[in-house]
Amino acid sequence: MLLKDKVAVITGGAGINGLGFATARMMGEQGARVAILDLAAADPQAAAARLGEGHMGVVANVTDKASCEAAAAAVQARYGRIDILVNNAGVTQPAKFLDITGADYDRILDVSLRGTLYASQAVLPAMLAQQSGAIVCISSVSAQRGGGILGGPHYSAAKAGVLGLARAMAREYGGSNIRVNCVTPGLIATDINKGKIPDDKRQGILDGIPLARIGEPADVAGCVVFLASDLAKYCTGVTLDVNGGMLIH
């Protein structure tokens, strides 16, 4: 097992059809004990129960620093350590550039970018004490190509910020044996985009993907597991594209 005896924290992981839950399930299958963090309405405890015994769900809001710190403390109280963090929580919004309001901007950047900061700050003390850890941040192909699929420009900005923040963490904490990497998914079949791709645009999107299909959550989860595992122990500051070839560069 790639993650035997590891403790993994996954933010925004309660959506059963989402990237976070697919990652939680795969990490559990690879031997990790998983803590799913999400809002109360998402019921992270129920999501963790779906993984089987030995996992936990914690109500947490990644836009609130104290909430992230309390969640990290709860995980440590149960398991005694934190080995992996997956910064998965994020929201999107289709909007044209001139239509983005200040409230829109704050909401999108708060979850993806501030959430990545706060969740990482919450787990880093445990990783520093252990002198080991792996953080994987979920960005998006939208950050690389300037949007153009579903999310608006502020979503692209948030996800581009995640790439920069992760690289800065990778530089700062590499000497403490803490690796920080990113995954940039392309179009993946999750609830966040369900029903949002017009039929008249679907084929055009597929024509731009060399593998000729929309990705599945497990396609991303496998790459996250790889980056979190010792198979990637000499990888830090990496951006791993998972887009079926949509963006070959």
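The values are calculated or read from the model by the stated rules, or taken from the named source; none is laboratory data. Computed from a prediction, not measured in an experiment: that's the story for all the values here. Ideal geometry is used to build each Cβ from the backbone, glycine not excepted, and the neighbour counts take in all protein chains shown.
Search region 36-52 for residues that are surrounded by fewer than 15 Cβ atoms within 10 Å (Cβ to Cβ) and pair each with any residue that is not basic (K, R) when their beta-carbon atoms are under 6 Å apart and the residues are at least 6 apart or on different chains. What qualifies is A40/V59.
Determine if region 199-207 includes at least one residue that is farther than 20 Å from A119 by Cβ and in contact (Cβ under 8 Å) with a residue 60 or more places away in the chain. No: zero hits. When A73, A103, A66, A60 are checked against the criterion of being surrounded by 21 or more Cβ atoms within 10 Å (Cβ to Cβ) and modelled with pLDDT of 95 or more, a single residue qualifies: A60.
Being part of a loop (DSSP other than H, G, I, E, B) and closer than 24 Å to F21 by Cα narrows it down to one of I209, I192, so name that one. Give the steps one after another, and end with the answer.
Values: I209 fails: closer than 24 Å to F21 by Cα.
None of the others qualify; the one that does is I192.
Give the residue that is nearest to A228 (Cα to Cα), with candidates limited to residues of region 126-151 that are assigned to a helix (DSSP H, G or I) and without any contact (Cβ under 8 Å) to a residue 40 or more places away in the chain.
Step one: of region 126-151, the residues assigned to a helix (DSSP H, G or I) are 126-130, 141-145.
Still in the list and also without any contact (Cβ under 8 Å) to a residue 40 or more places away in the chain: 129, 142.
Working: A129: 18, S142: 23 Å.
So, considering only residues that are assigned to a helix (DSSP H, G or I) and without any contact (Cβ under 8 Å) to a residue 40 or more places away in the chain, the one nearest to A228 (Cα to Cα) is A129.
Cβ separations smaller than 8 Å between residues 6+ apart or across chains give the following pairs from region 70-85 residues that are in contact (Cβ under 8 Å) with a residue 60 or more places away in the chain to residues that are of a type in the set (S, T, Y): D83/S132; L85/T11; L85/S120. Checking each residue in region 145-178 for being modelled with pLDDT of 95 or more and closer than 16 Å to L240 by Cα picks out K159, A160, G161, V162, L163, G164, L165, A166, R167, A170.
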